[in-house]
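Working notes for the structure below.
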Amino acid sequence: MRVAMIGTGYVGLVSGACFADFGHVVTCIDKDPSKIERLERGEIPIFEPGLDDLVARNVREGRLFFTLEGAQAIKDADAVFIAVGTPTRRGDGHADLSYVYAAAEEIAGLIDGFTVVVTKSTVPVGTGDEVEAIIKRVNPNAQFAVVSNPEFLREGAAIEDFKRPDRVVVGTDDERGQAVMRDLYRPLSLNETPLVFTGRRTSELIKYAANAFLAMKITFINEMADLCEAVGADVQQVAKGIGLDKRIGSKFLNAGPGYGGSCFPKDTIALVKTAQDYGAPTRLIETTVEVNDARKKAMATKIAKAMQLDDLTGRTIGVLGLTFKPNTDDMRDAPSLDIVPALQALGAKVQAFDPEGAKEAAHMLAGVEFKSGAYEAAEGADALVIITEWDQFRALDLDRLKLLMTSPTVVDLRNVYKPVEMVRHGFTYASIGRG
């Protein structure tokens, strides 16, 4: 099949490359000349394990193309995917759908013959209706179906998630649209992947409901962590004890500094706004958003408390990990964006290392001295803070670390290390929810 993918951001690039690897012919379209030039040179603008090899192989084998001018690709396509950004709109918290609607207008004037227009971007309920209305207005004679096909990709494991998903959700009542989507995802039938067909509005809501539920689960265990610290319990054992209950499950029960990233923060806010607009407020999600925001801001105070100080003037804090999670260079809404400025506001000098996120972080964090490695970030530090649990931080040479630091204080916001081990090596150690 022939696929046009509008947008070469995280979702568009991963989805386009994976569809090409299934055997479809995919053209990825973007209006950013520098991004297309980089992709044509074989450079990947985002960090995602395995994506560079996947793109290179499918370009080499003639199934994956990149272009600024997508008119011909859209005309030839069986399916045109809209995979553009839907950031939080300034001022009111709603999702900014301007890029989605602009793509719909462009598609409307170009489609030739029956074409499935697929919203891959995360969009509020009713967006598909508006996309359909735009296409009908611009091109009344167009033969098309607008389909919702939300993505459920985890950054750092996106290729595996696309090729071996828990499910594929397709929102359409159009039989021809359903047939095209079945053909697109036919390669997944080998793994017996559930293909879930729903109404379009239901599909749009499934994406938001899934992310909101996971965000709520993270926030729940973070509040349990605070309670564990107050009563002398261990949140990791609590998480294990409740996670073994099949009704609850063990995933997303790792206590930490709060959730961030490209999805959970904006999707929870967008769901709250949609629910308020329809007069059906989602109180649990509203509270989740508030609690998470407050948690990230409170982490600097936790760090100062571990150092037994209120004022950090003249103190140096080493930070390990800046991205919102490991195996990505994504800094969007990362906890570090709240924690680092709050430490600086208390007077601290911050020196940091992240394996992939330093370049992006440099645009977002002022006054930070970026280091070339974990031990360099620890050198001369009065405290070392683990914000992101990259694998390379999991087995540090503790004796070397202690010698490098001015004061052997470690604040582990991801519970990477065991308290007994850290104390045995002579560290003052603080973690999340472990007394």
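The values are calculated or read from the model by the stated rules, or taken from the named source; none is laboratory data. Being a predicted model, the structure only gives us computed values, none of them experimental. All Cβ positions, even for glycine, are placed from backbone atoms using ideal geometry, and neighbour counts span all protein chains on display. Quick note on the areas: whole protein, heavy atoms, side chains included, nothing else; ligands and nucleic acids left out. Shrake-Rupley method; radii C 1.70, N 1.55, O 1.52, S 1.80 Å.
A compact table of results
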read-out: Separation in nanometres of the label points that stand 7 Å from Cα toward Cβ, at ARG2 and LEU190; value: 2.6
read-out: Residue among VAL118, VAL11, VAL423 with the largest mean-square fluctuation in a Gaussian network model of the chain, springs linking Cα atoms under 10 Å; value: VAL423
read-out: Projected label distance in nm at ASP293 and ARG154, using a 7 Å step from Cα toward the beta-carbon; value: 2.8
read-out: Heavy-atom surface of the stretch 107-158, accessible at 1.4 Å and reported per residue (Å²); value: 33
read-out: Relative contact order (%) - the chain, alpha-carbon pairs under 8 angstrom, separation at least six; value: 12
read-out: Approximate shape of the stretch 250-301 as ellipsoid semi-axes (Cα gyration tensor, √5λ), whole Å, largest first; value: 23, 13, 10
read-out: The chain - share of DSSP beta bridges that are antiparallel (%, nearest 5); value: 5
read-out: Solvent-accessible area, 1.4 Å probe, carbon plus sulfur percent, for the stretch 163-253; value: 55
read-out: Rounded to 5, percent antiparallel among DSSP beta bridges of the stretch 64-185; value: 20
read-out: Distance in nm between pseudo-label sites at ALA366 and ARG167 (7 Å out along the Cβ direction from Cα); value: 4.7
read-out: Gained length - ARG57 relative to GLN276, 0.36 nm times residue gap less alpha-carbon distance; value: 74.2 nm
read-out: Within the stretch 25-112, GluC sites (Glu not before Pro) in DSSP loop having at most 15 other beta-carbon neighbours inside 10 Å; value: GLU43, GLU61, GLU69
read-out: Candidates ASP311, ASP399, ASP338: whichever shows maximal mean-square fluctuation once the chain is modelled as a Gaussian network with Cα springs under 10 Å; value: ASP399
read-out: 20 Å-binned pair-distance histogram of the chain (Cα, whole percent); value: 24, 51, 23, 2
read-out: Ellipsoid semi-axes in whole angstrom, largest first, where each is sqrt(5λ) of the Cα gyration tensor of the stretch 312-409; value: 19, 17, 10
read-out: Kyte-Doolittle at least -1.0, axis length at least 20 Å by Cα - qualifying DSSP helices, the chain; value: 200-231, 283-306
read-out: Relative contact order %, the stretch 1-41, counting alpha carbon pairs below 8 Å whose residues are six or more apart; value: 44
read-out: Packing rank of 163-173, 258-268, 405-415, where each peptide gets the mean count of other beta carbons within 10 Å, highest leading; value: 258-268, 405-415, 163-173
read-out: Qualifying lysines (Cα of each under 29 Å from Cα of LYS349; at least 8 residues distant if same chain); value: LYS296, LYS297, LYS302, LYS305, LYS325, LYS359, LYS371, LYS402, LYS418
read-out: For peptides 131-144, 19-32, 236-249, sequence by mean Cβ density within 10 Å, most packed first; value: 19-32, 131-144, 236-249
read-out: Apportionment of accessible area to carbon and sulfur, the stretch 365-432, percent (1.4 Å); value: 48
read-out: Within a Gaussian network of the chain (alpha carbon springs, distance under 10 Å), most fluctuating of ASN254, ASN222, ASN292; value: ASN254
read-out: Accessible area per residue in Å² at 1.4 Å probe, computed on the stretch 161-223; value: 50
read-out: Per residue value of the accessible surface for the stretch 267-425 (all protein chains in place, 1.4 Å probe), Å²; value: 46
read-out: Relative contact order (percent, whole number), the stretch 311-404, Cα cutoff 8 Å, 6+ residue spacing; value: 38
read-out: The chain - mean residue ellipticity at 222 nm from DSSP helices (-39,500 (n - 2.57) per run, n ≥ 4, rounded to 500); value: -13000 deg cm²/dmol
read-out: Distance-filtered residues of the stretch 198-236 - backbone nitrogen under 17 Å, label point 7 angstrom along ASP174 Cα→Cβ; value: 198-204
read-out: Inter-part distance where the stretch 304-323 and the stretch 348-427 are each reduced to a Cα centre, Å; value: 11
